[in-house]
1. Determine one quarter of the surface area of the Cα convex hull of the range 99-183, which equals its mean projected area, and express it in nm² to one decimal.
2. Before anything else, pin down the relative contact order of the range 3-206: Cα pairs under 8 Å, at least 6 apart, normalised by residue count, whole percent.
3. Quick check: the distance between the Cα centres of the range 124-182 and the range 65-121, to the nearest angstrom?
4. Simple spin-label model, 7 Å along Cα-to-Cβ: Asn151 to Arg184 in nm?
5. So, counting K/R as plus one and D/E as minus one, what does the shell of residues with Cβ under 12 Å around Ser68 add up to?
6. Given the convex hull over the Cα atoms of the range 3-206, what projected area results after averaging over all orientations, in nm²?
7. Enumerate by residue number the chymotrypsin sites (Phe, Trp or Tyr not before Pro) in the range 72-160 meeting two conditions: DSSP loop (anything except H, G, I, E, B), and at most 11 other Cβ atoms within 10 Å of the site's Cβ.
8. Regarding the range 151-208, what are the three Cα extents along the principal axes, ordered largest first, in Å?
Amino acid sequence: MSSTDALTFWNGVHGARPAATAPRPNARLTESVTDLPPGDALDLGCGSGGDALWLARRGWRVTAVDVSSVAVERLAALAAAHGLGERIGARRHDLRESFPDGRFDLVSAHYLHTPLELDRATVLRTAAHALRPGGRLLVVDHGSTAPWSWNQDPDVRYPGPEEIAGRLALDPATWTVERADSPRRTATGPGGETAEVTDHVLIIRRTG
Ligand SMILES: C[S@@+](CC[C@H](N)C(=O)[O-])C[C@H]1O[C@@H](n2cnc3c(N)ncnc32)[C@H](O)[C@@H]1O
């Protein structure tokens, strides 16, 4: 699948929804980052931008990237409207082809799932290398299928956090797994319905 197709596909997904005026941050982000001192953050696959806005409000300088120009343009407009334009750089990247420059204290990848081809191990390994010493990579994946998910394939497999960490093949002398678990939570779907879902949560800290 070409980059143009990824752009078309994800612009279709985002464009089909009304632009969010107050997107909410992800629960695993808020629970993991609340106690961290602000610095430079990178949000991979930022979508409607709830995480980027929450981080910026807490003093982080955020680079928020997505393959979708609709998502990126909406987030840039929202950041400006909320007086956070100086703190959020919304950039279009197809992570299969390019990765933002810079060094980060936090790289967050929440539900970076796509039906199109994406070598996530390479993207996440690149993210781990872009951390400053002391910085953290936070990867949150689906661990179960919500009733409203676009993917209702009963054979879908969700690799656990330890398996994801193994695929990154990071040198333990430089990167340490701080958290790898599969907590459950009550999630709210697009129509306001709720369901219990599982997240796969992985936090890797760069120590050297
Ligand atoms: C399931 S959504 C998650 C969005 C957001 N992180 C959240 O938690 O709500 C996946 C996001 O990744 C983006 N994405 C998919 N493939 C991508 C790629 N190759 N490069 C950059 N972003 C991509 C999509 O546009 C979409 O916004």
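1. Result: 6.4 nm².
2. That works out to 17 percent.
3. Going from one Cα centre to the other spans 18 Å.
4. 2.2 nm
5. Net of charged neighbours comes to +1.
6. Values: hull surface 43.2 nm².
That works out to 10.8 nm², a quarter of the Cα hull's surface.
7. Details: sites: Phe104, Tyr111, Trp148, Trp150; in loops: Tyr111, Trp148, Trp150.
Answer in residue order: Trp150.
8. The principal-axis extents, from largest down, are 45, 23, 15 Å.
No lab work stands behind these numbers, since they all come straight from the coordinates. These numbers come from a predicted model, not from an experiment. As a convention, Cβ positions derive from the backbone with ideal geometry for all residues, glycine included, and neighbour counts pool all protein chains shown.
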